Ligand SMILES: [Ca+2]
């Protein structure tokens, strides 16, 4: 078993391969971030419906936009992440 693991590590490609970038759409518009960026996008099922949602940060004001996954690679238009009915902000961000 240990030999198989070591062998798989030795034979693994030295550099990971990535697909070409894809410009994502939410509704009929491209997903955009505001300058200066630092969006740190990630996938998380924010609403717990079993569909991954795209979560995108915004450096300015520390807000986070959520594009809810609709299935089959489609996203709903973005909405600000809210906490207790208010737009959530990460403190300490300019
Ligand atoms: Ca979801």
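The numbers here are math on the coordinates, done by the rules we state, and not lab data. Here the structure is a predicted model, which means the values were calculated and not measured. Quick reminder, even Gly has a Cβ in these numbers, built from the backbone with ideal geometry, and neighbours come from all protein chains shown.
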> Taking the Cβ-Cβ separation of residue 83 and residue 24 as r and a Förster radius of 41 Å, what is the calculated FRET efficiency to the nearest 0.05?
Replying inline: 0.95
> Helix 2-11 sits at what angle to the longest principal axis of the chain, using alpha carbons and giving 0 to 90 degrees rounded to 10?
Replying inline: 70
>> What distance in nm separates the two pseudo spin-label positions at residue 49 and residue 70, each 7 Å out from Cα along the beta-carbon direction?
In response: 1.0
> For the chain, modelled as a Gaussian network with Cα springs under 10 Å, which listed residue fluctuates most, 57, 37, 48?
Replying inline: 48
>> Mean-square fluctuation check for the chain, GNM, Cα pairs under 10 Å: which of 49, 61, 19 is largest?
In response: 19
